[in-house]
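Participant: Take this structure, written in structure tokens, and hold onto it; I'll ask about it next.
No value in this document is a laboratory result; all are computed from the given coordinates. All values derive from a computational prediction rather than experimental measurement. Reconstructed Cβ throughout: ideal geometry from the backbone, glycine too, with neighbour counts over all protein chains shown.
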Amino acid sequence: MKALKHIFILIITTLLLQTCNSNTKSNSDNSTTYQCPMKCEGNKTFNKPGNCAVCKMDLQALSSEIPILNDAISETSIFNLTSKWDTEEGKTIELKALKGKTLVMVMIYTSCKAACPRLVADMRNIETKLPLEDIKNIQFVMVSIDPETDTPQRLKAFAIENEMDGEQWMFLQGTTSGVREFANVLSMKYKEISPIDFSHSNIISVFNPAGELIHQQEGLGVDNDETIAAILKTIP
């Protein structure tokens with residue numbers, strides 16, 4: 001009789017564990033929600049993957065975990081670079097001062113009359129496609145490849161002229177060696193072909209708030225949907 005009692009208890013315990021595991025799995029399966037990366041319908045969410053009815057972009061899974069930033073810097077982060085940079089406001093910073101925001105960066109020079117104006121237009125186009133409430137978490141950074149000409153004063157004038165003088169925009173003048181080092185990190189090539197002219201790659205790079213490169217857009221006037229999606233994935 002005792003043996004039967006023990007068997008009965010074992011069976012009941014097993015059934016309870018199976019029920020618990022089943023409920024846990026069910027809760028886990030139902031915990032994922034999806035949202036349009038452009039938030040075309042505001043904060044509306046969906047319980048299964050699909051496409052946005054407005055912009056047709058793929059819905060993105062919303063993580064239930066809030067990313068936590070700490071003081072650690074990974075080996076691949078640009079925040080390891082110790083070069084000094086002068087902003088258009090006359091402040092001297094290191095890149096690690098930008099930690100905590102998604103960075104959208106491009107290398108240009110202000111006297112350029114060919115590719116750079118189109119890169120500037122591409123950066124502005126990216127900005128206009130992002131939800132206004134997310135702009136505060138993003139820093140758009142224009143790095144000059146002509147530090148001798150592009151002084152902070154010139155960069156400031158360029159920013160005002162192009163209506164890019166809001167807090168979300170930043171222009172940087174570095175040293176010749178610092179600019180070259182940063183270009184190498186981006187796999188961005190440039191060459192001075194005259195005292196006022198450069199040939200250069202046309203690359204817009206996206207870094208997460210930890211300074212790690214997550215996406216690059218190469219070319220001029222290209223489709224930027226992937227760039228937009230990469231930016232939005234980094235924002236809590």
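Participant: Most exposed first by the Cβ proxy, i.e. fewest other Cβ within 10 Å, how do THR175, THR82 rank?
Facilitator: On the way: THR175 13, THR82 10.
Ranked by crowding around the Cβ, least crowded first: THR82, THR175.
Participant: Using a 10 Å cut-off around each Cβ, can you sort PHE158, PHE198, PHE46, PHE207 from fewest to most neighbouring Cβ atoms?
Facilitator: Placing the least packed residue first, the sequence is PHE46, PHE198, PHE158, PHE207.
Participant: Is the stretch 78-233 best put as rounded, prolate or oblate by its Cα gyration tensor, with a ≥ b ≥ c the root eigenvalues, rounded for a/c under 1.5, and otherwise prolate when a/b is larger than b/c, oblate when not?
Facilitator: Rounded.
Participant: Sticking with this structure for a sec: Measuring from centroid to centroid over Cα atoms, what is the spacing of the stretch 116-151 and the stretch 169-236 in Å?
Facilitator: Using only Cα atoms, the two centres lie 10 Å from each other.
Participant: Past 26 Å, Cα to Cα, is the threshold; run LYS136/LYS156; LYS44/LYS96; LYS129/LYS191 against it and keep the listed order.
Facilitator: Result: LYS44/LYS96; LYS129/LYS191 exceed 26 Å.
Participant: Between beta-carbons, use under 11 Å as the cut-off and find the net charge around SER77, counting Lys and Arg +1, Asp and Glu -1.
Facilitator: 0
Participant: Okay, next question. Using the Cβ atoms and a cut-off under 13 Å, what net charge is assigned to the surroundings of THR128, where Lys and Arg are +1 and Asp and Glu are -1?
Facilitator: It works out to a net charge of -2.
Participant: Can you put LYS99, LYS136 in order of Cβ neighbours within 10 angstrom, beginning with the fewest?
Facilitator: LYS136, LYS99
Participant: Which cross-chain or sequence-distant (5 or more) residues have an amide H under 5 Å from the amide H of MET107, H modelled 1.01 Å from N in plane?
Facilitator: VAL143, ILE203
Participant: Between beta-carbons, use under 15 Å as the cut-off and find the net charge around GLN216, counting Lys and Arg +1, Asp and Glu -1.
Facilitator: -4
Participant: Still on this structure: Please turn the phi angles of the stretch 103-111 into ³J(HN,Hα) values with the Karplus equation 6.51 cos²θ - 1.76 cosθ + 1.60 (θ = phi - 60°), one per residue in order, whole Hz, x for glycine and proline.
Facilitator: Per residue, the Karplus-derived 3J(HN,Hα) values read 10, 10, 10, 8, 10, 9, 9, 6, 8 Hz.
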